[in-house]
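This report concerns only the one structure given below.
Bear in mind these aren't lab numbers, they're just calculated from the coordinates by the rules spelled out. Because the structure is a prediction, the values reported are computed rather than measured. All Cβ positions, even for glycine, are placed from backbone atoms using ideal geometry, and neighbour counts span all protein chains on display.
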Amino acid sequence: MDQAQKQALQVTKEIVVKFIEVGRISPSNCHEFFSQIYFEVLKTIVSSEDSLHQESPVQENAE
């Protein structure tokens with residue numbers, strides 16, 4: 001499991017717990033939503049990392 005997957009899993013757990021706390025989903029049906037939330041979070045993390053790498057190229061010091 002790479003770093004992005006670990007981050008996505010942690011964020012997904014926090015989101016699902018929060019949704020259960022506020023009553024948006026119940027513990028008995030959270031399995032129906034977990035994978036959808038996980039893949040959306042993972043997609044966001046990966047696309048965010050990709051855009052960061054494209055926007056900030058490594059610059060060498062010319063001193």
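Once fully extended, how much extra length lies between V46 and S28, figured as 0.36 nm per residue of separation less the alpha-carbon to alpha-carbon distance? Walk me through the intermediate numbers first.
On the way: separation 18, 0.36 × 18 = 6.48 nm, distance 2.98 nm.
Using 0.36 nm per residue and subtracting the Cα-Cα distance, I get 3.5 nm.
In terms of modelled amide H atoms, which long-range or inter-chain residues lie less than 5 Å from the amide H of I25?
Residues meeting the amide H criterion: I20.
So how far apart, in nm, are the two label points at M1 and V17 if each is 7 Å from Cα heading toward Cβ?
1.4
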